[in-house]
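Asks: Dropping a structure here in structure tokens format, bear with me for questions.
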Amino acid sequence: MLTRWSLSDNCMGMKNVNDLKWPAKADFPFARPGFVYIAAACMVAGLLFLVGWTVAGVMASCVAAFVCWFFRDPDRVIPQEKGALVSPADGRVIVAERVETNDYVEGPCLQVSIFMNVFNVHVNRVPFTGVVERAQYFPGKFFNASLDKASKDNERNALVIKTEAGKRYGVVQIAGLVARRIVCKVEKGETLTRGDRYGMICFGSRLDLYLSEDTALAVQLGEKVSAGSSIIGYLK
């Protein structure tokens, strides 16, 4: 289910403070789509304590704490190096390869896929500044997001963004086995800034990037990355 929302660690290899952007802090320490889940979990725990079911209340409180932790939304320091394209998600790189075709950007591309498990921050960020040329939702299935077929068969939401230099790249939010809610707050024609929050996927999922062939990748398979602060590569 695609929904819309609104929102008001560290940088590897940064040596110059001028290469960093210190963003304004979020209005809340939690992502707005999680407010309903957090409120419901806390209410259930409170009611159990109120009726005297202490053990059940403690268990429900643990669940509520996990829900709060899952929807955490930490601020990040955004790299400002020329051409630097930042990770759109927290997680592990499971694909970093050249693909001949895809559904989003014309011609051969470099595909980078990031798998988010339930322990990662799930707020997604803009990889590189540009204008949204295409925003499209694709209904689909809910295979494990770590599988290759998830990129084409699972429910997903895609953005194609054109940079000031005329480069186009695609960033695709993909629902997973448990994730059944994709959140995206942007539309066609909007100008996005590198590192800004633009959506999230609830409870485990995947982000795919489709980049021009001449992009200089700065990550490799198995590497852990952080949304907004880890550099995926450099656009030329």
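Asks: Return yes when Val121 is outside any strand (DSSP E or B), within 20 Å of Val225 (Cα to Cα) and touching a Pro at 6+ places or on another chain (Cβ under 7 Å) and no when it is not.
Replies: Yes.
Residue-by-condition table, conditions (1) in the same structural domain as Ile38 (by TED's automatic domain parsing); (2) in contact with a Leu (Cβ under 7 Å, 6 or more places away or on another chain); (3) at positive phi:
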| site | (1), (2), (3) |
| --- | --- |
| Thr163 | no, yes, no |
| Arg168 | no, no, no |
| Thr191 | no, no, no |
| Gly195 | no, no, yes |
| Asp214 | no, no, no |
| Val225 | no, no, no |
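Asks: Right, another one. From the list Glu81, Glu106, which residue is touching a helix residue (DSSP H, G or I) at 6+ places or on another chain (Cβ under 9 Å), farther than 18 Å from Lys185 by Cβ, among the charged types (D, E, K, R) and outside any strand (DSSP E or B)?
Replies: Glu81
For every residue, the table says whether it meets (1) at pLDDT below 80; (2) under 17 Å from Val123 (Cβ atoms); (3) not assigned by TED's automatic domain parsing to the domain that holds Ala216.
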site: Thr3; (1), (2), (3): yes, yes, yes
site: Asn10; (1), (2), (3): yes, yes, yes
site: Trp22; (1), (2), (3): yes, no, yes
site: Ala26; (1), (2), (3): yes, yes, yes
site: Val51; (1), (2), (3): no, no, yes
site: Cys62; (1), (2), (3): no, no, yes
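The values are calculated or read from the model by the stated rules, or taken from the named source; none is laboratory data. Bear in mind that the values here come from a model prediction, so they are computed numbers and not experimental data. Note that each Cβ is placed from the backbone with ideal geometry, even for glycine, and that neighbours are counted across all protein chains shown.
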